[in-house]
Structures are given as C-alpha cells and as structure tokens.
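Structure, as structure tokens:
The values are calculated or read from the model by the stated rules, or taken from the named source; none is laboratory data. Because the structure is predicted, anything quoted here is derived from the model rather than measured. Neighbour counts run over all protein chains shown; Cβ positions are idealised from the backbone, glycine included.
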Amino acid sequence: MPRSNPEDSHWTDQGQGPPLVFVHGFPLSRGCWQPQVDDLSLSFRIIAPDLPGFGGREATPGVGSMDSFADDVASLLADLGTERELRDWLDEVE
C-alpha cells in the first residue's frame with residue numbers, strides 16, 4: 001500500500017522489505033515503472049520519484065542537471081528514512 005498520495009507528493013512509496021529505488025529517464029515519469037512497482041512491491045519497498053519538471057511535478061528554477069536530480073532523489077530518500085537501509089545494503093554487497 002502506498003505510504004503517500006502520489007498526486008500530492010510526486011513519488012510512489014509502496015510495499016515492504018528492502019528498498020528499491022526506480023528513477024525514470026527523459027522525458028518520462030514514475031508511471032513508466034508501474035508494472036514493476038505492482039509486482040515487486042510484494043517483496044520490496046519500492047520508491048519511485050518524479051524528477052523535477054516531469055510527471056506533473058514543477059521544475060526547479062534554473063537548468064536541471066544530473067547532479068541536481070541525484071541530489072533531489074538523495075533528499076527524498078533521507079526524508080523517507082531509507083539512507084541507513086541503503087547504506088547497510090551497499091556494505092553487504094561490497
């Protein structure tokens with residue numbers, strides 16, 4: 001079950017388990033991941049944001065860059081409390 005209202009928040013946070021983050025490409029939105037979200041959220045916590053300027057989300061001032069998009073996703077993950085889970089997982093796979 002989503003933890004947030006995608007129409008208001010511009011991200012999907014669905015399922016339970018280890019987090020998986022899906023980031024869409026240009027010029028798509030998080031909706032492109034919906035089939036995967038539906039299937040994988042049975043075993044994982046799926047987080048799929050709309051990047052600024054996509055999927056009905058307002059663009060941020062200035063020119064968007066990969067660095068700014070990455071910072072935006074990192075900020076969302078911190079707000080959702082997944083940083084430690086992801087860091088622990090990275091330590092396990094190294």
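Overview of results
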{"read-out": "The stretch 7-38, residues that are among the acidic types (Asp, Glu) and farther than 17 Å from residue 55 by Cα", "value": "38"}
{"read-out": "Within the chain, strands (runs of 3 or more DSSP E) holding 1 or more residues that are of a type in the set (Lys, Arg), at pLDDT 90 or above and crowded, with 17+ Cβ neighbours inside 10 Å", "value": "45-49"}
